[in-house]
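Each remark here refers to the structure printed beneath this line.
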Amino acid sequence: MTAIASVPAVSSDPSEITGTPVARTGGEMIVDAMIASGVRHAFGIAGVHNLPLYDALYDRGKITTFVTRHEQGAAFMADGYARIAGTPGVALVTTGPGLTNTVTPIAGSWSDGIPVLVIGTAGEVPLLGKYKGYLHEYKDQHGVMDAAAGSRLVTRTDDLETATIELLAGMQTGRARPAVLEVPIDTMAASTTTRPQAAPARLQVPVPNAEAVRRTALMLRQATHPLIFAGGGVVASGGHLLLLRLAELLRAPVLTSISGKGAIPDSSPWAAGCTWRTSSGPADGYPDEWRLADAGIVVGSRLTGMSTRAWRLPLPRRLAHLDIDASEIGKSYAVEEPLVGDARAGLEMLLAELERLGGDGASVWKSDQIKAIRDADDRAGEERCADALTVVRQVRAGLPEDGILACDQSIACYWSVRHFRVEAPRRFLYPAGSAALGFGLPVGIGAQIAAPDRQVVVLAGDGGFLFTATELATAVQYDLPVTIIVCNDNAYGMIKIGRAH
């Protein structure tokens, strides 16, 4: 199939195009939209169906592409890139198996709220839905991808630039989610004459109701045992410094979800640790001290079963919940003050109101109480899995403070969730929602590309490592200095433990 041979010559730099209509292939329109939206790296595998896209990437020369060994690896790398860069990761794949190989990674991206755009192809428009045995044809490819993360099928070449810009912009406003763009091969290869488009200015973030914020501030100020729970929304919004200020102002302990690790520095006296409990860990319960809480606020978290031990985490009856997604508020815990809005914007408003109220507040928490709780958790870990804790501590000691730990699924990784200390966001990567084996290595590669000057360490068990071990070739090809630690017990460790008991 000839991709762009009949297209008139135009500038290879869309920034030089001043709005004059130009002839471009669908592939060029997608690439121009990516460039306009700030995309600078992409991961994927070229195939016959997406050659117009790769031709355009080569001609434009503005986006660095990384050829992976498997489409699953490409989407995982895009996920790891997005977790560190804070901007969308992009994976480029072909029809049928190319797209469906990304289902596991993007389902995990959906669970964890990571902005990943998968751009794949579909059969020619006249054959869509006919199931006549065309190359790579699956039963309802679009339905599969739509169920995994939400998919947009674009059948008109004229619409490709707008669709790409909208998808990339959409995952950077409101709740971050992955998305799929499906393009029939004839739509991508065809040429059309249109005006190049600019990406829209970032939309203003939603803010919570001011009166609800005032009531929340008063509720927290009057509490003797205020409690804060922080999730990935704090990280995504860049609100971590505001969260620390809130904890200090209220003198309140801060619990975090897995995705919220780093939302408060672990060296802070108010950092109470991650709430996740693994079946291989200490007692299933939580410290009795958290039951003293008489008011609290949840910031940027869905309060998932993973983060609350199937909703056993005791949260106070008087609870405010700040989240950008209104559907999550009150879903799992009763909420007195719903605060629908961006985590950072909401924290700014809340801090301003607390400072207006003045005074020291009623909190009687002492920082040494928080330290005692964390120390007790460490001791419990030593009693149950000293070997894993030794690995975790050695990795922490050897990794620079700004280094990045990308965890797969293994016993040592489970313990890292609770005991690997971090001082800032985007330093601990973990498949919190999907718990997918094979996550660690490709996600670590994507993280290294997003942060080339920082040390990245992948921690994996031998079972999970082998799921995506072929991506070692990708790391070698691009000379990426990723360090890989494999804990080898010649077994799927959790299953081995379960059988032993």
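Brief remarks on what is shown
- Listed residues K261, K139 arranged by accessible area, highest first, probe 1.4 Å: K139, K261
- The protection proxy used here, the mean number of other Cβ atoms lying within 10 Å of each residue, ranks peptides 420-426, 460-466 as follows, highest first: 460-466, 420-426.
- Phi-derived couplings, Karplus 6.51 cos²θ - 1.76 cosθ + 1.60 at θ = phi - 60°, listed residue by residue for region 332-342: 10, 10, 5, 10, 7, 10, x, 10, 8, x, 5 Hz, with x used for Gly and Pro.
- Any cysteine of the chain lacking a neighbouring Cys Cβ under 4.7 Å - listed by number: C274, C385, C487
- Each Lys and Arg contributes +1 and each Asp and Glu -1, all at the Cβ; summed about the Cα centre of region 73-218, the dipole is approximately 440 debye.
- 0 to 90° range, to nearest 10: angle between helix 160-170 axis and the chain longest Cα axis: 0 degrees
- Inter-part distance where region 463-487 and region 244-270 are each reduced to a Cα centre, Å: 33 Å
- Rounded Å value of the spacing that divides the Cα centres of region 63-93 and region 374-452: 21 Å
- Computed about the Cα centre, the dipole magnitude for the chain is approximately 920 debye when only Lys and Arg (+1) and Asp and Glu (-1) carry charge, each at its Cβ.
- Scanning residues 5 or more positions from E337 or on other chains, those with amide H under 5 Å from its amide H are L319, A320, H321, with H placed 1.01 Å from N in the peptide plane.
- Here each label is just a point 7 Å from Cα along the line to Cβ, and for L357 and A424 those points are 3.1 nm apart.
- Each of T25, A460, T483 was placed along the dipole of the chain (beta-carbon charges, centred on the mean Cα), and the one lying farthest toward the positive end is A460.
- Long-range HN-HN contacts of R277 with modeled amide H, under 5 Å: R309
- With all protein chains modelled, accessible area of M349 [1.4 Å, Å²]: 50 Å²
- Exceeding the 27 Å Cα-Cα cut-off - candidates K331/K366; K261/K331; K261/K371: K331/K366
- Karplus (6.51, -1.76, 1.60) ³J(HN,Hα), θ = phi - 60°, over region 20-27, in Hz, Gly and Pro reported as x: 6, x, 9, 7, 9, 6, x, x
- Cβ charges +1 (Lys, Arg) and -1 (Asp, Glu), total dipole of region 332-392, debye: 80 debye
- At R0 = 25 Å, FRET efficiency that the Cβ-Cβ distance of D146 and T193 yields, to 0.05: 0.20
- Theoretical gain in end-to-end length, S267 to Y131 [0.36 nm per residue, Cα-Cα removed]: 43.1 nm
The values are calculated or read from the model by the stated rules, or taken from the named source; none is laboratory data. Here the structure is a predicted model, which is why all the values come from computation and not from measurement. In this analysis, Cβ positions are derived from the backbone assuming ideal geometry, glycine residues included, and neighbour counts consider all displayed protein chains. The area values use the complete protein model at the heavy-atom level, side chains included, leaving out ligands, DNA and RNA. Shrake-Rupley method; radii C 1.70, N 1.55, O 1.52, S 1.80 Å.
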